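Accompanying notes for the structure given below.
The values are calculated or read from the model by the stated rules, or taken from the named source; none is laboratory data. Computed from a prediction, not measured in an experiment: that's the story for all the values here. Here the Cβ is made from the backbone with ideal geometry for all residues, glycine too, and neighbour counts use every protein chain on show.
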Amino acid sequence: MPTAAQINALLPQTQCRECGFSGCLPYAQAIAGGQAPINLCAPGGAIVIRDLAQLLRQPEIAPAKTQTPALAWIDEAVCIGCTACIRACPVDAIMGASKQMHTVLADECTGCGLCVAPCPVDCIYMRPTAAAPLPQARVLSKDSHAAERFQAAQHAQARYENQTARKQRTEAERKQKAAAYQAKLAAHPRQPENEGNALERNQNEPNKRNEFPKKQNERNELRQNPNEPNKSQHPPKSPSLSPADLIAQAMQRAQKQSNERIVPSNHSDFRQNQIREAQQRATYRRYQRDAQYGTPAEKAAAIEWLRQHKAEQEAREAANQQAA
Ligand code: SF4
Ligand code: SF4
Ligand code: SF4
């Protein structure tokens with residue numbers, strides 16, 4: 001009986017789960033265990049069924065479902081940068097950062113479609129392609145003489161394994177940090193503040209509040225010119241520090257600054273521009289929110305507005321570049 005590894009080597013390594021298993025290897029294990037038929041891999045199609053039938057010495061059967069090869073494409077004008085698609089992609093074929101536009105690396109996309117469902121604004125589309133087998137990039141293939149289909153599968157598998165290893169490493173580091181933090185907390189537990197230990201601390205510690213004026217006086221005495229009479233014996237009358245006086249002084253200062261301020265001639269235009277830009281930003285944010293959380297009608301209107309906004313922006317940039 002062929003092993004799961006041999007069966008896995010014939011599968012496209014898209015990890016799309018169309019077969020009903022959580023990836024290519026689990027499906028291969030199920031076939032090897034006699035628990036799954038050989039016709040469930042939609043991206044593999046008739047060729048994979050033929051190869052599996054030969055390996056397992058079984059008759060060829062019709063595919064359970066068929067699939068047109070397609071590449072993911074992101075409508076960048078609508079993307080809100082939530083990163084949900086990046087987290088869903090099993091082969092790191094999406095680039096982007098939080099709150100920034102995302103884009104698909106067309107050469108690395110395997111067409112698995114796993115990024116489509118998590119997108120909250122429905123801005124990822126699967127576009128049919130004639131570039132199969134996918135992915136188009138093959139550089140990570142171990143066998144440069146193998147058929148294109150196997151090179152593509154090996155490339156996708158390498159990227160999937162790299163991503164899995166990276167996720168495991170990150171998770172292990174996170175757990176290690178959490179354990180170190182817990183150990184630190186256990187070694188230095190925080191004492192809850194209560195009257196008992198507060199009283200105890202006051203009795204054991206010197207009273208720093210009372211000490212401060214004493215030290216301050218000592219420093220003042222040291223700074224004092226020895227030829228001058230000791231002013232500390234005749235302290236000057238301290239200025240009034242009542243809150244009402246302080247507020248009045250602050251208001252006086254603010255009024256003075258305001259009177260002295262020079263208002264430029266274009267101040268009014270500047271303010272108007274600021275208000276206009278703030279209104280534009282608010283509108284943009286509102287449509288982004290509608291695109292994510294609105295009703296279907298609001299969502300459609302918001303997506304249309306965001307597309308137009310992006311087109312206008314691009315036209316403005318092109319005009320600026322021409323003018324420069
Ligand atoms: S590529 Fe085929 S075997 Fe792999 S997960 Fe998708 S359907 Fe299953
Ligand atoms: S970008 Fe391509 S490979 Fe990544 S999840 Fe989307 S369809 Fe799959
Ligand atoms: S809005 Fe869609 S395309 Fe943009 S980051 Fe989120 S899931 Fe990805």
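Can you spot a residue in region 80-92 that is within 16 Å of ligand 1 (Cβ to nearest atom), touching a strand residue (DSSP E or B) at 6+ places or on another chain (Cβ under 9 Å) and either modelled with pLDDT of 90 or more or of a type outside the set (A, V, I, L, M) (or both)?
Yes, some residue in region 80-92 is within 16 Å of ligand 1 (Cβ to nearest atom), touching a strand residue (DSSP E or B) at 6+ places or on another chain (Cβ under 9 Å) and either modelled with pLDDT of 90 or more or of a type outside the set (A, V, I, L, M) (or both).
Restricting to region 87-113, and then to whatever is more than 23 Å from Y287 (Cα to Cα) and within 11 Å of ligand 3 (Cβ to nearest atom), can you tell me which residue is surrounded by the fewest Cβ atoms within 10 Å (Cβ to Cβ)?
It comes out as R87.
Output the number of the condition that E161 fails; it satisfies all remaining conditions of (1) more than 24 Å from T83 (Cβ to Cβ); (2) at pLDDT 95 or above.
(1)
In the list I80, I47, I61, which residue meets the criterion of being more than 16 Å from ligand 2 (Cβ to nearest atom), in contact (Cβ under 8 Å) with a residue 60 or more places away in the chain, surrounded by fewer than 17 Cβ atoms within 10 Å (Cβ to Cβ) and not assigned by the TED database to the domain that holds A291?
I47 is the lone residue from the list that is more than 16 Å from ligand 2 (Cβ to nearest atom), in contact (Cβ under 8 Å) with a residue 60 or more places away in the chain, surrounded by fewer than 17 Cβ atoms within 10 Å (Cβ to Cβ) and not assigned by the TED database to the domain that holds A291.
Quick check on my filter: what residues within region 259-269 are out of contact with any Phe, Trp or Tyr (no Cβ under 9 Å at 6 or more places or on another chain) and either at pLDDT 80 or above or assigned to a loop (DSSP other than H, G, I, E, B) (or both)?
Across region 259-269, the qualifying residues are R261, I262, V263, S265, N266, D269.
Which of (1) within 14 Å of ligand 1 (Cβ to nearest atom); (2) among the acidic types (D, E); (3) farther than 23 Å from L25 by Cα does D75 not meet, given it meets every other one?
D75 satisfies every listed condition except (1).
In region 1-10, how many residues are outside any helix (DSSP H, G or I) and within 20 Å of Q67 (Cβ to Cβ)?
1
Can P90 be described as touching a residue at least 40 places away in the same chain (Cβ under 8 Å), over 17 Å from the mean Cα position of the chain (by Cα) and within 16 Å of ligand 2 (Cβ to nearest atom)?
In short, no.
Check off (1) more than 7 Å from ligand 3 (Cβ to nearest atom); (2) at pLDDT 95 or above for A117 and give me the number that stays unchecked.
(2)
Quick one: what pairs do we get from region 94-117, first residue within 16 Å of ligand 1 (Cβ to nearest atom), second assigned to a strand (DSSP E or B), C-beta under 6 Å, 6+ apart or different chains?
C109/L71; C109/A72; G111/A70; G111/L71; G113/M126; C115/A72; C115/I124; V116/I124
Going through region 11-44 one residue at a time, which ones are polar (S, T, N, Q) and either under 27 Å from D107 (Cβ atoms) or surrounded by fewer than 17 Cβ atoms within 10 Å (Cβ to Cβ) (or both)?
Q13, T14, Q15, S22, Q35
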